[in-house]
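**Student:** Have a look at this one before I ask anything.
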Amino acid sequence: MAPTTFKLSLLLLLLLSLQFQHSFAGVRRPNACEGLCLCFNGEPSSFYVECEVLELHDVPVIPDNTTELFLISDYLPSLPADLFKKTTKLREAEVHCALTGLPPALFSQTTGLTRV
């Protein structure tokens, strides 16, 4: 391969790599999401958190800017009363766990919640 062709190939690979990274920027936010959950931006004002780990034994930290939460686990018997204290933007919470009950004021701070 000629040196010029090789340089052009490397440049093309670099540009494709940058385009790929730009295309998926914001899809996975490891700094905003701890543990086994996945976080990603959706529509302009949506932030999704998916914690679909059947062996999840502890409730993960839910980022404050969460708008949609999907929490699925076979082992969570309860949720902390302050779980949604700072998630004031929460609009939807889908929780499938082995819960024995819910704290009385669990959703008191989530005034925009439209679906549980």
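**Student:** Which condition from (1) at pLDDT 85 or above; (2) surrounded by 14 or more Cβ atoms within 10 Å (Cβ to Cβ) is the one that Asp82 breaks?
**Tutor:** (2)
**Student:** Would you pick out the residues in the range 78-116 that are aliphatic (A, V, I, L, M) and part of a loop (DSSP other than H, G, I, E, B)?
**Tutor:** Those that are aliphatic (A, V, I, L, M) and part of a loop (DSSP other than H, G, I, E, B): Leu79, Ala81, Leu83, Leu90, Ala98, Leu99, Leu102, Ala105, Leu106, Leu113, Val116.
**Student:** With respect to the numbered conditions (1) open to solvent by 50 Å² or more (accessible area, probe 1.4 Å); (2) in contact with a strand residue (DSSP E or B) (Cβ under 8 Å, 6 or more places away or on another chain); (3) at pLDDT 90 or above, which one is the sole condition not fulfilled by Phe70?
**Tutor:** Condition not satisfied by Phe70: (1).
**Student:** Moving to a separate point now. Specify the residue that is surrounded by the most Cβ atoms within 10 Å (Cβ to Cβ); the eligible residues are those in the range 87-107 that are in contact (Cβ under 8 Å) with a residue 24 or more places away in the chain and of a type in the set (S, T, N, Q).
**Tutor:** Of everything passing the filter in the range 87-107, Thr87 is surrounded by the most Cβ atoms within 10 Å (Cβ to Cβ).
**Student:** Mind telling me which of the residues Tyr48, Tyr75 ends up being among the hydroxyl-bearing types (Ser, Thr, Tyr), free of Cβ contacts under 8 Å to residues at least 40 places away in the same chain, surrounded by 12 or more Cβ atoms within 10 Å (Cβ to Cβ) and part of a strand (DSSP E or B)?
**Tutor:** Of the residues listed, the single one that is among the hydroxyl-bearing types (Ser, Thr, Tyr), free of Cβ contacts under 8 Å to residues at least 40 places away in the same chain, surrounded by 12 or more Cβ atoms within 10 Å (Cβ to Cβ) and part of a strand (DSSP E or B) is Tyr48.
**Student:** Can you confirm whether Leu36 is modelled with pLDDT of 85 or more and either assigned to a strand (DSSP E or B) or touching a Leu at 6+ places or on another chain (Cβ under 9 Å) (or both)?
**Tutor:** Spelling it out, it is not the case that Leu36 is modelled with pLDDT of 85 or more and either assigned to a strand (DSSP E or B) or touching a Leu at 6+ places or on another chain (Cβ under 9 Å) (or both).
The values are calculated or read from the model by the stated rules, or taken from the named source; none is laboratory data. Computed from a predicted model, the values in this text were never measured in an experiment. FYI the Cβ positions are ideal-geometry reconstructions off the backbone, even for glycines, and counts take in every protein chain you see. Protein only, heavy atoms only, side chains kept; ligands, DNA and RNA dropped before computing areas. Shrake-Rupley method; radii C 1.70, N 1.55, O 1.52, S 1.80 Å.
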